[in-house]
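The values are calculated or read from the model by the stated rules, or taken from the named source; none is laboratory data. Owing to the predicted nature of the structure, the values given are computational and were not obtained by experimental measurement. Don't worry about glycine lacking a Cβ; one is built from the backbone with ideal geometry, like all the others, and counts go over all protein chains shown.
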Amino acid sequence: MSQPTLCSLCKEVATVHLSQVIHGKVTKVHLCESCAQKGGASDPSIFQLAEALAAPHSEPKVVCPKCGFTDQDFRKKGRLGCASCWEVFGDSLQLLLAKVQFQPVHVGRTPPGFLPLERWRQRLEAARLEMSKAVAKEDYEVAARLRDEITELEARLK
Amino acid sequence: MRSPLVCGMKSQNSKPASNNPMSIDEILTSEVSEEHQPIVLSTRIRLARNLDGQPFPGWAKAPQRKEVADLCVDALHQLQRLRKGHVLRMGDLPDLERAVLVERHLVSKELAAGKSGAAVISRDQTVSVMINEEDHLRVQVLRPGWHLRGTWNLAEQLDDAIGAHLKIAFHERLGYLTACPTNVGTGLRASAMVHLPGLCMAGHMEKVTRALSQDGLAVRGWLGEGTEAAGNIFQISNQQTLGLSEEAILHHLSTWIKNLVEQEWNARRKLALDEGEKFIDRLARSLGVLRSARLLTSAEAMNLLSHLRLACDLGCLPEVLRAQVDRLMIEGQPAHIQAKAGEALDSNGRDARRAKALREALRDFPEITEPTV
């Protein structure tokens, strides 16, 4: 008798078999009843997990300097390690976001006191203009204050 | 003796969050809800938020999770709405009490399964903030009936108040940063719990589910992801959180719920009209089984009670009894049955207790009559 297929997540006997075809590439995932019920069958990250399992010895290519989370960890868990991971894994996340989200850009609420970058950029341009005017008028006190503000804004926008 | 559900906060610089510990009895005896609408059972808003500079709970080490829990509990305790709230640390609660909280939709199965999670719950149980679930904070506002605007307004106020006390992880282009890419952006999951026996009996549910999912809405069972739709009750929520404003998400859900409510009423009227006596017989038989069964599984009880709820909506039973049916649905859940019994029971023991409780509760129920709606 042939060996039963095992669950990709917990190695129990698999009873749910999923296939995903992207650009002609077929990925198969096998789940036991319990893992399928836990939401695995509807979780898009399950296919990323399958890819990770297919290459268990591959070295992580990207590591978050802040929390040590790797691209391999992401493929296994389908979750990120910290807020900085969003910058570190940006490119691969963009592809995923394009699949699961409406648009890749946030258009909703912001935390209290948050000023959008565009507003900072506008202020930086205005401050540069004001500073050149102050220098032309030889108003060095104002120019020095504006120079400090410009330095701060440039650092913020970096 | 049952253990208290609440423990004081662990942080050094804070006072205990609640002077009146919440006991399992308080949850069991609290009214399920003050409002019982025909189709929409409840409206829920959930916001996923994380603290800036801290690893997400699934990647954090135990001391980091504890630090986050203490920070969050301290901050939440300063909010007017939660000042007198209950602080529940999952690691301190027995399995059964955590299961009761899940059945009351006050915490998720995922939070209850871990030891390092906590929840701060308002005394009226409308607001529940989960700490160290998949994200540092999951702010939930749950109200009976269909009140999307009011529920959202309260969630928005809480979100602003939390943002004034804690630095929240936010990115200009990606919005609120979350552990899972399916929550990033607004971090908003808006949902309605709906009772759709008409659409189920008419065999339309598969079609409805397909239409909803093609239009960006998820359909789940009674206890959320991966659970069965016992009792013809479904949770409908938005799938996408990024690229849509909160207003757009709420408007989309609202449009669909209004549409579903209308379709459900149409299906009910058509069933009552087309099937006539056969339809009433179906409801009457459900009451009969509930009144005399000696063993009832949770799913069977939910399905039979769903018929009684439908009977109340259609005037086949007095409308005032809907509240009692809702209470029986909650109290028939496995953890509630065992908490009431004061001991852990095997499935046979639970089925016998459930059947007995239902026989007694429905002994004096009036007979099913012709629909009036």
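Scanning segment B:260-299 for residues being in contact (Cβ under 8 Å) with a residue 24 or more places away in the chain and not in a helix (DSSP H, G or I) gives a total of 5.
Residues B:G198, B:G203: which one is part of a loop (DSSP other than H, G, I, E, B) and away from chain A (no Cβ under 14 Å)?
Values: B:G198 fails: part of a loop (DSSP other than H, G, I, E, B).
Sole residue among the options that is part of a loop (DSSP other than H, G, I, E, B) and away from chain A (no Cβ under 14 Å): B:G203.
Report yes if B:R268 is basic (K, R) and closer than 30 Å to B:L177 by Cβ, otherwise no. No. For B:T209, indicate whether it is among the β-branched types (V, I, T), within 30 Å of B:G231 (Cα to Cα) and not in a strand (DSSP E or B). When the stated conditions are applied, B:T209 passes them.
Restrict the check to segment B:218-226 and report whether at least one residue is closer than 28 Å to A:L93 by Cα, aliphatic (A, V, I, L, M), free of Cβ contacts under 8 Å to residues at least 40 places away in the same chain and surrounded by 17 or more Cβ atoms within 10 Å (Cβ to Cβ).
Filtering segment B:218-226 for residues closer than 28 Å to A:L93 by Cα gives B:218-220, B:224-226.
Still in the running and aliphatic (A, V, I, L, M): B:218-219.
So of that shortlist, the ones also free of Cβ contacts under 8 Å to residues at least 40 places away in the same chain come out as B:218-219.
Narrowing further to those that are surrounded by 17 or more Cβ atoms within 10 Å (Cβ to Cβ): B:218-219.
Yes, the conditions are met somewhere in segment B:218-226.
Could we say that B:L321 is surrounded by fewer than 16 Cβ atoms within 10 Å (Cβ to Cβ), closer than 30 Å to B:R98 by Cα and hydrophobic (A, V, I, L, M, F, W, C) here? The answer is no for B:L321. Within segment B:165-172, not a single residue is away from chain A (no Cβ under 12 Å) and in contact (Cβ under 8 Å) with a residue 12 or more places away in the chain.
Where strands (runs of 3 or more DSSP E) sit wholly within segment B:52-159, those with at least 2 residues that are within 14 Å of chain A (Cβ to nearest Cβ) occupy B:137-144.
When B:L317, B:L304 are screened for being among the hydrophobic types (A, V, I, L, M, F, W, C), at pLDDT 95 or above and more than 24 Å from the chain's Cα centre (by Cα), only B:L317 passes.
Condition check: at pLDDT below 75, facing chain B (nearest Cβ under 10 Å) and in contact with a helix residue (DSSP H, G or I) (Cβ under 8 Å, 6 or more places away or on another chain). Does A:P44 satisfy that? Against the criterion (at pLDDT below 75, facing chain B (nearest Cβ under 10 Å) and in contact with a helix residue (DSSP H, G or I) (Cβ under 8 Å, 6 or more places away or on another chain)), A:P44 qualifies. Could you go through segment B:237-256 and let me know if any residue there is more than 14 Å from every other protein chain (Cβ to nearest Cβ) and aliphatic (A, V, I, L, M). No, the conditions are met nowhere in segment B:237-256. Output the residues belonging to segment B:242-262 that are surrounded by fewer than 16 Cβ atoms within 10 Å (Cβ to Cβ), over 30 Å from B:E172 (Cβ atoms) and not acidic (D, E). Correct list: B:K258, B:N259.
For segment B:173-187, a residue qualifies if it is more than 7 Å from every other protein chain (Cβ to nearest Cβ) and of a type in the set (G, A, S), and exactly one does: B:G187.
Per-residue answers, yes or no, for (1) modelled with pLDDT of 95 or more; (2) among the small types (G, A, S); (3) in the same structural domain as B:P94 (by TED's automatic domain parsing); (4) crowded, with 24+ Cβ neighbours inside 10 Å:
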site: B:G114; (1), (2), (3), (4): no, yes, yes, no
site: B:A118; (1), (2), (3), (4): yes, yes, yes, yes
site: B:D124; (1), (2), (3), (4): no, no, yes, no
site: B:R143; (1), (2), (3), (4): no, no, yes, no
site: B:W152; (1), (2), (3), (4): yes, no, yes, no
site: B:A155; (1), (2), (3), (4): yes, yes, yes, no
site: B:Y176; (1), (2), (3), (4): yes, no, yes, yes
site: B:A179; (1), (2), (3), (4): yes, yes, yes, yes
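A:K61: touching a helix residue (DSSP H, G or I) at 6+ places or on another chain (Cβ under 8 Å), assigned to a loop (DSSP other than H, G, I, E, B), modelled with pLDDT of 90 or more and surrounded by fewer than 19 Cβ atoms within 10 Å (Cβ to Cβ), yes or no? So A:K61 does not fit the description; no. Screening B:R49, B:R44 for residues that are away from chain A (no Cβ under 14 Å) and either buried (at least 23 other Cβ atoms within 10 Å of the Cβ) or modelled with pLDDT of 95 or more (or both) leaves exactly one candidate, B:R44.
Scanning segment B:50-83 for residues that are among the small types (G, A, S) and within 24 Å of A:F69 (Cα to Cα) yields B:G53, B:G58, B:A60, B:A62, B:A69. The test for being within 21 Å of B:L158 (Cβ to Cβ), assigned by TED's automatic domain parsing to the domain that holds B:R189, among the charged types (D, E, K, R) and at pLDDT below 95 holds for B:R83.
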